[in-house]
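Enquirer: Sharing a structure with you now.
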Amino acid sequence: MNCVLKIFGAQHSRMEVSFMTLVFQYGSNADSERLNSNDRLRGDAQQRGIAYTEDDFELDFTVQSKSNQCAAADIVSGSGRKIWGVLYEIPDHLIRRETSGDRKSLDAIEGEGVNYRKVPISLRRADGTSLEQEVITYVAIKRQSGIQTSLEYASHIVLGLREHNVPEDYIEYVKGRIIANNPALRNGIEARVGWGE
């Protein structure tokens, strides 16, 4: 966790300390507009650059998401390659359902405890240096096969990665994984997000 000092009041007479959690987003919430939308975190997720996993994973679509009405992204350890994603700092109180009050928590958005579980993850920054801070991400609890992702959901992943300047060869890998999961999306993905732009 990082400590961020926020100062309020005209005379700076009141100070509030807010603790933040660093979160790695590799799926549709890589799209900062989506994650910070009014029905999600309302602008409270602060972008902190991009990173990739120290270990190898395969990006897959193994979680049936009710809210997205399609298969959602997951990273499966043990094979594949380094997975790129976006780092966000999110206020601690917005991580867990129990502390978010009347706001939607990241756990609720991710389906933590139902579809996903929160885990620590080891990352490297884009320049290759190891990220020493504690970082969490979400991985599938129970993986399903034979389910397909949708164009809308998959587009958030590609657009989010491109928005944050993730290397283009990784974006091509992601598009390939999307099409491997749902071949019917080939033309739609090409039209919506393009190839190698």
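Enquirer: Looking at segment 102-116 only, could you name the residues that are surrounded by 15 or more Cβ atoms within 10 Å (Cβ to Cβ), assigned to a loop (DSSP other than H, G, I, E, B) and either without any contact (Cβ under 8 Å) to a residue 40 or more places away in the chain or of a type in the set (A, V, I, L, M, F, W, C) (or both)?
Expert: Result: 105, single match.
Enquirer: If you don't mind, another one. Quickly run through segment 13-43 and pick out the residues that are at pLDDT 95 or above and among the hydroxyl-bearing types (Ser, Thr, Tyr).
Expert: 21, 26, 28, 32, 37
Enquirer: All but one of (1) within 15 Å of residue 28 (Cα to Cα); (2) within 18 Å of the chain's Cα centre (by Cα) hold for residue 167, so report the exception by its number.
Expert: Here residue 167 clears every test but (1).
Enquirer: Across segment 117-149, what is the total count of residues that are outside any strand (DSSP E or B) and in contact with a helix residue (DSSP H, G or I) (Cβ under 8 Å, 6 or more places away or on another chain)? Before you say what the answer is, go through the steps one by one.
Expert: So in segment 117-149, the residues outside any strand (DSSP E or B) come out as 121-122, 126-129, 131-134, 141-149.
Those still in the list that are in contact with a helix residue (DSSP H, G or I) (Cβ under 8 Å, 6 or more places away or on another chain) too: 148-149.
Within segment 117-149, residues that are outside any strand (DSSP E or B) and in contact with a helix residue (DSSP H, G or I) (Cβ under 8 Å, 6 or more places away or on another chain) number 2.
Enquirer: In a strand (DSSP E or B), out of contact with any Leu (no Cβ under 6 Å at 6 or more places or on another chain) and modelled with pLDDT of 95 or more: does that describe residue 4? Spell out how you get there, then give the answer.
Expert: Working: in a strand (DSSP E or B): yes; out of contact with any Leu (no Cβ under 6 Å at 6 or more places or on another chain): yes; modelled with pLDDT of 95 or more: no.
Criteria not met by residue 4.
Enquirer: Checking residue 155 against (1) polar (S, T, N, Q); (2) free of Cβ contacts under 8 Å to residues at least 60 places away in the same chain; (3) part of a loop (DSSP other than H, G, I, E, B), only one condition comes out false. Which one?
Expert: (3)
Enquirer: If I go through segment 138-152 residue by residue, how many of them are surrounded by fewer than 22 Cβ atoms within 10 Å (Cβ to Cβ) and hydroxyl-bearing (Ser, Thr, Tyr)?
Expert: First, the residues of segment 138-152 that are surrounded by fewer than 22 Cβ atoms within 10 Å (Cβ to Cβ): 139-148, 150-152.
Still in the running and hydroxyl-bearing (Ser, Thr, Tyr): 145, 150.
Final tally of qualifying residues: 2.
Enquirer: Right, here's the next one. Out of the residues in segment 117-137 meeting the condition of being touching a residue at least 60 places away in the same chain (Cβ under 8 Å) and of a type in the set (D, E, K, R), tell me which one is farthest from residue 55 (Cα to Cα). Walk me through how you get there before you give the answer.
Expert: Here is the first cut: in segment 117-137, the residues touching a residue at least 60 places away in the same chain (Cβ under 8 Å) are 121-126, 130-131, 133-137.
Add one more test, that the residue is of a type in the set (D, E, K, R), and what stays is 124-125, 134.
Details: 124: 10, 125: 13, 134: 16 Å.
Among residues in segment 117-137 that are touching a residue at least 60 places away in the same chain (Cβ under 8 Å) and of a type in the set (D, E, K, R), the one farthest from residue 55 (Cα to Cα) is 134.
Enquirer: Separate question: Go through segment 97-113 and count every residue that is over 16 Å from the mean Cα position of the chain (by Cα) and within 18 Å of residue 139 (Cα to Cα).
Expert: So the answer is 2.
Enquirer: Here's a follow-up. For segment 160-180, enumerate the residues that are touching a residue at least 24 places away in the same chain (Cβ under 8 Å), surrounded by fewer than 20 Cβ atoms within 10 Å (Cβ to Cβ) and in a helix (DSSP H, G or I).
Expert: Within segment 160-180, 162, 163, 168, 170, 172, 173, 177 qualify.
Enquirer: Considering only segment 53-101, how many residues are charged (D, E, K, R), modelled with pLDDT of 95 or more and assigned to a loop (DSSP other than H, G, I, E, B)?
Expert: Applying the first criterion (charged (D, E, K, R)) to segment 53-101 yields 54-56, 58, 60, 66, 74, 81-82, 89, 92, 96-98.
With modelled with pLDDT of 95 or more added as a condition, the list becomes 54-56, 58, 60, 74, 81-82, 89, 92, 96-98.
Subsequent filtering for residues that are assigned to a loop (DSSP other than H, G, I, E, B) retains 54-56, 82, 96.
Adding up the residues that qualify gives 5.
The values are calculated or read from the model by the stated rules, or taken from the named source; none is laboratory data. Note that the coordinates shown come from a computational prediction; the quantities given were computed from them, not determined experimentally. Note that each Cβ is placed from the backbone with ideal geometry, even for glycine, and that neighbours are counted across all protein chains shown.
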